[in-house]
1. Yes or no: residue 125 free of Cβ contacts under 8 Å to residues at least 12 places away in the same chain and out of contact with any Ser or Thr (no Cβ under 6 Å at 6 or more places or on another chain)?
2. Which ones in region 96-118 are loosely packed, with under 15 Cβ neighbours inside 10 Å and either in contact (Cβ under 8 Å) with a residue 12 or more places away in the chain or hydroxyl-bearing (Ser, Thr, Tyr) (or both)?
3. Give the residue, chosen from 132, 122, 74, that is within 26 Å of the chain's Cα centre (by Cα) and not in a loop (DSSP other than H, G, I, E, B).
4. Within region 145-165, is even one residue more than 30 Å from residue 233 (Cα to Cα) and out of contact with any strand residue (DSSP E or B) (no Cβ under 6 Å at 6 or more places or on another chain)?
5. Could you please find all residues in region 1-56 being part of a helix (DSSP H, G or I), among the hydroxyl-bearing types (Ser, Thr, Tyr) and either modelled with pLDDT of 90 or more or touching a strand residue (DSSP E or B) at 6+ places or on another chain (Cβ under 8 Å) (or both)?
6. If I filter region 135-173 down to residues being surrounded by 11 or more Cβ atoms within 10 Å (Cβ to Cβ) and part of a loop (DSSP other than H, G, I, E, B), which single residue comes out as farthest from the chain's Cα centre (by Cα)?
7. Are any residues in region 79-91 touching a residue at least 12 places away in the same chain (Cβ under 8 Å) and part of a helix (DSSP H, G or I), and if so, which ones?
8. With the structure loaded, tell me whether residue 243 is over 14 Å from the mean Cα position of the chain (by Cα) and either surrounded by fewer than 20 Cβ atoms within 10 Å (Cβ to Cβ) or assigned to a helix (DSSP H, G or I) (or both) or whether it fails that test.
Amino acid sequence: MSTITTSNRKTARPAYARRRESLLPKRWYVHILLWITIFIVGFPLLYAIVVSTQSNAETLSFQATFGSHTRANLETVIVDRNLLRFMWNSTLLAIFVTIGKTILSLLAGLAFVYFRFPGKWLVFGFILITLLMPTEMLIIALFRLVSELEWGNTFWAISVPFLASATGSFLFRQHFANLPSELSEAAQIDGANPLQFLIRVLIPISWNTIGALAVIQFVYMWNQYLWPSLIIKDERIQVVQVGLGALRNAEGSLTYGPMMMGAVIATIPPVVVFILLQRQFMRGFAISRDK
């Protein structure tokens, strides 16, 4: 009568053990590993924020706390070097190219999936080959083309060459190919033309893919440096990544505080775009059919 069964012994744990389990999650070691990973990944950004408030002397002395030059560095970045103008130029460029690339990619995906024309697979294969070609390989030919069009020092020179997107065309082609063929058949029966089918049927069920592409293209255009530095000489239409280079010698010598302050401020727009579209971004690349 006084014996305790195996199940009762398992439940009759000491009180301190039950309290410890209530305080710690079941897989506490996984949470610790995740926190360590987050700290390692986020440490460069945290250090950049700290350095952005310091003077050169404080930075070179490896001071680990916030410095005393926050206001001075802000004035150097915003007032003296006019970084906000560069950010505005990059914002307009990124929005224009993102919208243009999305529209052209939608049309390309529509053509490759729902149209039949000679050489379709050859054209699609050529587009896939361009994915393997970095932009640096096309710089000389692109520079000669823009010069012949007399687009130097214009907004069109840094935007039009990037409107075509092999990544977007491939992404929408794959997305449309996974949709039921009954959609296009039903649209044809209802008398919808291809553009009506695209606008009324395909786009409403493709917002996740559109959002994923928008995040990628916005960040890509925001980080443009090589091509704008070659083709644009007028600071009034220069982009932010080139403008950040002017902060290296903001006070006549190498200054770490203004450089880090500019870099931290320049990360805000891409972060905002990612936060606003993170759900569409994650669902757009979900490995499932119900995305």
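The values are calculated or read from the model by the stated rules, or taken from the named source; none is laboratory data. No experiment lies behind these values; they were computed from the predicted model shown. Backbone-built Cβ (ideal geometry, glycine too); neighbour counts: all protein chains shown.
1. So residue 125 passes the test.
2. First pass over region 96-118, keeping only residues loosely packed, with under 15 Cβ neighbours inside 10 Å: 99, 103, 115-118.
Within region 96-118, just 115 meets the criteria.
3. Details: 132 fails: not in a loop (DSSP other than H, G, I, E, B); 122 fails: within 26 Å of the chain's Cα centre (by Cα).
After applying the criteria, what remains is 74.
4. Within region 145-165, not a single residue is more than 30 Å from residue 233 (Cα to Cα) and out of contact with any strand residue (DSSP E or B) (no Cβ under 6 Å at 6 or more places or on another chain).
5. Going through region 1-56, the residues part of a helix (DSSP H, G or I) turn out to be 6-11, 15-23, 28-51, 56.
When the remaining residues are screened for being among the hydroxyl-bearing types (Ser, Thr, Tyr), the result is 6-7, 11, 16, 22, 29, 37, 47.
Residues satisfying the conditions are 37, 47.
6. Selected residue: 149.
7. 80, 83, 85, 86, 87, 89, 90, 91
8. Values: over 14 Å from the mean Cα position of the chain (by Cα): yes; either surrounded by fewer than 20 Cβ atoms within 10 Å (Cβ to Cβ) or assigned to a helix (DSSP H, G or I) (or both): yes.
In short, yes.
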